[in-house]
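Note sheet for the following structure.
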Amino acid sequence: SFRSYTSLYTKAKVSDNITGYVNIANQHWGDIGKAGENYDANIFVDNAWVQVTNLFNQPVTMTAGRMNLLYGSGFVLFDGQSQTGSTSIYFDGVKLGLKLGENALLEGLYFKDQEKNRDNANTDDITLSGAYLTATCPLLGNKQELYLLNRRDENIVVTSVNATKDIWMAGLRVSDAMDVGAEAEFALNYAGEIAYQFGKFAEFSGAQEDIDQDALGYKLDAGFKLKT
């Protein structure tokens with residue numbers, strides 16, 4: 001099948017501190033005998049956010065609405081509402097960024113990866129929250145990222161049992177992308193990331209004890225850039 005994707009977007013600066021962005025997109029997977037979000041012609045709001053800088057005259061930036069998130073190389077935070085056909089990668093929520101001096105940015109995140117019934121009466125969402133610190137210290141590589149994130153899956157149905165999953169993740173990423181100097185023929189680029197997950201899987205009914213969840217993941221990248 002062929003996937004066609006078109007979008008129409010606009011970005012407006014309302015004032016020196018307020019910027020808005022809207023992206024309307026269309027996707028079509030072709031006529032393959034099926035219907036639904038990822039098969040027929042589908043027009044949707046891909047991004048729609050407002051960003052306010054210098055919030056309350058402080059070094060704080062707030063971004064709220066529907067947006068794409070990409071941290072590091074996307075090992076942990078990248079793909080949101082992809083569904084099954086790469087319809088989109090957005091999250092719905094808000095992030096606050098606090099600038100710590102000239103070399104560090106601390107961000108607070110609260111996003112919905114999946115919101116099924118759009119009301120508070122039904123506990124059926126997938127929610128992401130946490131903190132993400134990005135810093136640049138030459139002694140530890142060009143860029144360092146430290147994060148603590150929480151993912152909460154509500155109302156998971158497993159063999160007719162309703163349960164919730166509450167997972168925390170702590171991680172660290174160090175990377176550097178060196179420039180090719182006048183005397184060097186190539187420059188090394190590298191990145192290393194490691195993350196540990198822990199948390200609970202619990203039944204709503206409490207018929208069984210909570211099941212501990214734990215996992216360890218890492219990713220290593222290395223390469224070089226030629227002078228030419």
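Do any of 13/225; 112/200; 143/200; 11/112 go past 26 Å between their Cα atoms, and which? Mind showing how you got there, number by number?
Details: 13/225 37 Å; 112/200 20 Å; 143/200 32 Å; 11/112 23 Å.
Checking Cα-Cα distances, 13/225; 143/200 exceed 26 Å.
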Worksheet item: Relative to the present Cα-Cα distance, how much length would full extension add between residue 44 and residue 94 at 0.36 nm per residue of separation?
Response: 16.0 nm
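Taking 0.36 nm per residue of separation and subtracting the Cα-Cα distance, what length does fully extending residue 2 through residue 24 add? Don't skip to the end; give the middle numbers.
Numbers: separation 22, 0.36 × 22 = 7.92 nm, distance 2.04 nm.
In short, 5.9 nm is gained.
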Worksheet item: Applying 1/(1 + (r/R0)^6) with R0 = 22 Å to the Cβ-Cβ distance of residue 79 and residue 190, what FRET efficiency is obtained, to the nearest 0.05?
Response: 0.40
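The numbers here are math on the coordinates, done by the rules we state, and not lab data. Keep in mind the model is a prediction, meaning the values are calculated, not measured. Methodologically, a virtual Cβ is constructed for each residue, glycine included, from the backbone with ideal geometry; neighbour enumeration extends over all protein chains shown.
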